[in-house]
Amino acid sequence: MVEPTTVAATIQGRGTVTQTLWISNSGGADLHFDLAWRPGAAADSPWLTIAPLTGTVAGGAGVPVHLTFTTDPLTQAGIYTGLLTVTSNDAVAGAVAVPVTLTVVGPQLTLGNAAVFADQTFTVPLTLTTNGTAVAATAFAISYDAACLHIDAADGNGDGLPDGLRFGLPADVEKVAQLD
């Protein structure tokens, strides 16, 4: 027997969470099992690690299988799915399919066409001018702190990029900064 028959996890931002899948044997003979993992999209793995992938369960016993979900390889919030298949020498239930879902919920920073988690570094184009003459085009990275940076999502000139960044400080930090 495999419990639960579906597994779902939700992670806010970056993080890791572990859940347990139990493989139990109500019979008398040893039960040998193997696990196979197929993520919904190969580019989105390895957001799940499984241990152990194979094992033996004595009659009347159970074995925990640890499913560790992580957002580290992912670049976007969203819903990630896959199928875990448990095969065994059980004559009645030789193969059990367990749908697995990871829901990743922001926070994300969206700038132009880029959407990344707030703790990631990414680049956007920046054109510098002096007295109306182009100086150079460059790219830079912004370390994002939600308390100190606000992205104005308005796109008044239609170039696909937000029109502004507003830097601010929390009230208690602002007082200290003004004194210094």
Inset, instruction - Just name one of Gly78, Thr6, Ser26: the one whose Cα is farthest towards the positive end of the charge dipole of the range 1-104 (beta-carbon charges, Lys/Arg +1, Asp/Glu -1). - result: Gly78
Inset, instruction - Return the long-range amide H neighbours of Thr71 (sequence gap of 5 or more, or a different chain), with a cut-off of under 5 Å between placed amide H atoms. - result: Gly15
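Please report the projected area of the range 8-94's Cα convex hull averaged over all directions, in nm².
5.8 nm²
No lab work stands behind these numbers, since they all come straight from the coordinates. Fair warning: this is a prediction, and the values are worked out from it, not measured in the lab. Quick reminder, even Gly has a Cβ in these numbers, built from the backbone with ideal geometry, and neighbours come from all protein chains shown.
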